[in-house]
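Only one structure is covered here, and it is reproduced in the block below.
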Amino acid sequence: MDMIQTKENREVKNSVFIDLFCYDRTAEDNVISLYNALHEETLPEGTRVEWMQLDNVIYMTLRNDVAFQVDGKTMIFAEHQSTINENMPLRSFLYAGRAYEQLVPDRGRYRKKRIALPYPEFYTFYNGKEKYIKETILRLSDSYKQNRNSEAMLELIVRVININLEEQHEILEKCPILKEYSQLMAMIRDNQCQGKKDAYKIAIQECISQGILKEYLQRKGSEVCNMLIADYNYELDMEVQREEAREEGFEEGRMAGMEKGLSEGMEKGMAEGRVEGIREGIREGRQEGRKEMILKVYSDGKTIAEIANFLGEPVEEIEKIINSCEWRQ
């Protein structure tokens, strides 16, 4: 297995998806199986995969992108467990730029003769909890400020595939390893919904007993569990940041609304009453969302101290929330 690799960032953690399709000893067979599922013509036996690993293209501390060359193509796979990011074409564009910088030497860029480049393809595999369509296409040109109803001079297309089991996408039958990965994630979420502690460990044992990713999970069970925990912490971190962004957006909108109301001569009492009502609604919504996040992390095996440290809250406050919940009684 060949690899083009820059200095590895040891603080970055891999998701299970990335481990299966990039780092595990079975990764080459797995990624070829996924490639074949995406194309009508399958790769000939003995085809080699040339991996690419790039710095500064991963968000925060979780790696969820796979880049490699095969059959004269540069393939970029990404997994998303949270809401689909509509900026995936932009992200892929920046990713591709760094990839081609590796492929073409500095001196080669100034040659008069055209340089042959591998054909790029971009895919995002959605495995999130929110409902999403079975498959769609995202285009870089959709982000342009001005659309002149003509062909864009710069375009990039990302094919988004929903791999949740309930969507029954055909690719899951064509690529068994991808289907088994989706089955693992479905079991984890089912255990979480039932409020089971150690949801990851239970799901791993269930998969092994049912022959799902059996060899992989028997060989790397504890490591897989750690990757799943890191994956979930990343998702929680993203949710916290989204909540903060919503608060900032609400505050900006509130101020704009107040200014408009005053300019229109609204009575002070009415304006203050309306704003206070909105504030109270936001407070209640935030408390419910915060409680739900704390319960989910606790049910997955995190200690009260770890949760308090992660959220920057007093231990007593977290303990009070957990002890007050009906499911504990």
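All of the numbers you see were taken from the coordinates with simple rules; none came from a lab. These figures come from a predicted structure and were not determined experimentally. Here the Cβ positions follow ideal geometry from the backbone for every residue, glycine too, while neighbour counts run over all protein chains shown.
Brief remarks on what is shown
- Whole-number D in µm² s⁻¹ for the stretch 136-186, Kirkwood Cα-pair radius fed into Stokes-Einstein, 10 °C, 1.306 mPa s: 119 µm²/s
- Extending 7 Å from Cα along the Cβ direction at N226 and again at R159 yields two label points whose distance is 3.6 nm.
- Kirkwood Rh and Cα Rg combined as Rg/Rh, the stretch 68-107: 1.06
- Annotation for the stretch 132-170: GluC sites (Glu not before Pro) lying in DSSP loop with at most 13 further Cβ atoms inside 10 Å of their Cβ are E151, E155, E170.
- Stokes-Einstein D for the stretch 66-222, Kirkwood Rh over Cα pairs, 25 °C, 0.890 mPa s (µm²/s): 134 µm²/s
- With R₀ set to 56 Å, the beta-carbon distance separating Q194 from A116 gives a calculated FRET efficiency near 0.55.
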